[in-house]
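Beneath this line is the structure, given in structure tokens, with notes to follow.
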Amino acid sequence: MEIAEHLQGALATLPTKPGCYIYRNTAGDVIYVGKAINLRNRVRSYFHADNSHDAKTRRLVREIANIEWILVGSELEALILEMNLIKKHRPKFNVRLKDDKRYPYIKVHWAEPFPKVTVTRQMAEDGSRYFGPYTSAWAVYQTLDVLRRIFPYLTCDRVITGQDKRACLYYDIKLCTAPCIGAISQAGYRQMISDLMAFLAGHSEEIVTRLETEMEKASEEMRFERAAALRDQLKAIQSVIERQKVVFATDYKDSDVLAMARSDGEACVQIFFIRNGKLIGREYFILEGTEDTGDSEVMAEFVKQFYAEAAIVPEQVMLPQEIEIEEAKIIGQWMRSRRGGEKVEFFVPKEGQPHELVQMAAENAAETLSALRAQWQADTHKQEQALAELQSALQLPAPPNRIECYDISNTQGTAIIGAMVVFEQGVPAKSLYRRFNIESVVGAPDDFASMEEMLTRRFRRWKASQETVDQPGSKPDASFSFLPDLVIIDGGKGQLGRAVGVLEKFDLLGKVPVVGLAKQQEEIFFPNKSESLMLPRHSQALYLVQRIRDEAHRYGITAHRRKRAKLGMASQLDAIPGIGPTRRKALLKHFGSVDKIREASLEELAAVKGMTTSAAENVKAHLE
């Protein structure tokens, strides 16, 4: 095969040491990351005229425009660097976890005197204990809902002294043990949180035994209220344990069971978590970029990426097939370091219960992938239908494959933010979103002028990109260098008129369709037309327009609140549903500060002039 001159120079200077190699395309994007004990031999092998290369490798080689490499001291260091680079760049030719967001974890703030339990998407070495990752935030909050009823942990921001005169509402409804009033000691509270962590890890037998002993002792000492509380806690624990399937009657190593199903370039890996012989949970993960890649390599890539994120590495990992020997050796070495020096065994079961477990995981993976693909196809059909309906309703020349929506967020003219969101093929293209700090409007709020500034800056960037497109080394910003097929202005005729003026200034009126979306009746306004359009109430087109508008509002208000907080003007009360300026003023006048409002009971909040029980509940929920 013919190799470009600059690539030949790179191949000639490759070192024979271990490290990672990085392939980039003509746009400068990272398209593949790999590791090697001998960089020269490994990278050169891609460019041999070898018919043994699969179709994916041949496509990769055709796109390589630049080669980089990073030297390391060992194969283990190369493995760790490779994982970090794949996570950072998400190259399209690498096998990778499909979701580019961080997965949620349960975080126990163990370093604090009275640990809380929260949800996070990032682990840190801060003395906390982590459990996960989970594939959905919904699953995490469902788990926490169960945990809190068994182990009523703290959720408020009080400084715990044990000297408070009264506890909050959660103590009365048995969702807090109230260390704030000394109802439980620090040692007792930390023991409860320790039990919570053991329970999450699947080790519940010792907890049950100890609680039964404590219950009997409390009963003998005629502390019947304490005995009843322990009885209820035991019942709640037992109800969860009963739902956990016992898979090994005898003691068995804590294990993760992995299996995989594949279809059309994607793979679904199902994991069963076996602790103390019980199946305590399961998760699935989708991988992409798996076409023309063998099962063994796909599984090896999954193991690396999953256990780089996993909070717990078990003693044993059961696999559906062997991983290549040298790769398994280095992965095992790395996982041993993740487990604190304790060995992790890879095991491919051939018979008995372990083999049945792997088969069951494989069946689950196949069913999950099939269901997801049906869902993806249905979603794609809905998106295509929505775009076709929009094209027809707005009389566009083609389906609006790129839609941009603009919104303004401010509080009485302060911290003004303009938001631009982009949808491509009916789905959010979040990497193309942009925020604008509005600079021309000072003092009284002026959404019309703010919208005009934002659109002027957006299309000025487009014009500049057209002037530099042929300059060597220039890399266009995809947010601005392409014109949209449809612009939606979140607002009525006034803001639409300003948008029309901007498009005229750039000679784009008639070339870029633009409409205004009124906030109340979902009316769509057109330039220079008095009559508006109401999309059919249950049409896919209306649902898409609403999603786009809501996303622009969410994106803008999030940035606005962040900016307002930086300016020192953010009130914690502003974000509470049902609390407007009048109620906010009444609460602050009555209690004197946000901290006092936080400490107030539900009844005290509801008694403030202008407040209702529902508004008081919102205040408690948000501030606690």
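Below 8 Å, C-alpha to C-alpha, sequence gap of six or more: please give me the relative contact order for the chain in percent. After rounding, I find 8 percent.
The charge dipole of segment 402-566, taken about its Cα centre with unit charges on the Cβ of Lys, Arg, Asp and Glu (plus for the first two, minus for the last two), comes to roughly 560 debye.
Here Lys116 is the anchor, and the lysines within straight C-alpha reach of less than 17 Å, apart from those fewer than 8 places off in the same chain, are Lys107, Lys174. Go through Leu455, Trp334, Gln353 and say which Cα lies farthest out towards the positive end of the charge dipole of the chain; charges sit on Cβ, +1 for Lys and Arg, -1 for Asp and Glu. It is Leu455. Placing a label point 7 Å from the Cα of Asp164 along the Cα-to-Cβ direction, the residues of segment 596-621 with a backbone N closer than 11 Å are 598-601. Qualifying GluC sites (Glu not before Pro) in segment 514-555, where qualification requires a DSSP coil assignment and no more than 13 other C-beta atoms within 10 Å, comprise Glu531. With θ taken as phi - 60° and the coefficients 6.51, -1.76 and 1.60, list the Karplus ³J(HN,Hα) couplings across segment 121-128 in order, rounded to whole Hz; mark glycine and proline as x. Taking θ as phi minus 60°, the curve returns 10, 8, 7, 9, 7, 10, x, 7 Hz for segment 121-128. Over segment 34-172, Cα pairs under 8 Å with separation of 6+ residues give a relative contact order of 16 percent.
Of the GluC sites (Glu not before Pro) found in segment 1-65, the ones in coil according to DSSP and having at most 12 other Cβ atoms within 10 Å of their Cβ are Glu2. Positive end of the charge dipole of segment 6-106 (Lys, Arg +1 and Asp, Glu -1 on Cβ, about the Cα centre): tell me which of Ile67, Tyr32, Gly9 has its Cα farthest that way. Going by the charge dipole, the pick is Tyr32.
For the chain, the dipole from Cβ point charges (+1 on Lys and Arg, -1 on Asp and Glu) about the Cα centre works out to 1900 debye, to the nearest 20. Note on the chain: dipole from Cβ charges, positive end direction compared against Thr155, Leu496, Thr120; the farthest Cα belongs to Leu496.
In summary, the lysines within cross-link reach of Lys529, defined as a Cα separation below 23 angstrom excluding same-chain residues under 8 places away, comprise Lys493, Lys505, Lys511, Lys519.
Summing Cβ point charges (Lys, Arg +1; Asp, Glu -1) relative to the Cα centre of segment 255-370 gives a dipole of roughly 740 debye. Look at where the Cα atoms of segment 358-418 and of segment 255-313 average out, and the two centres are 27 Å apart. Taking trypsin sites (Lys or Arg not before Pro) across segment 486-551, the ones in a DSSP loop with at most 14 further Cβ atoms lying within 10 angstrom of their Cβ are Lys511, Lys519, Lys529, Arg537. Straight-line cross-link reach from Lys17 at under 19 Å between alpha-carbon atoms covers these aspartates and glutamates, not counting any fewer than eight positions away in the same chain: Glu68, Glu75, Glu77, Glu82, Glu326, Glu327.
Laboratory data are not the source of any read-out in this text; all were calculated from the coordinates shown. Source: prediction; values computed, not measured. We place every Cβ from the backbone using ideal geometry, glycine too, and count neighbours over all the protein chains shown.
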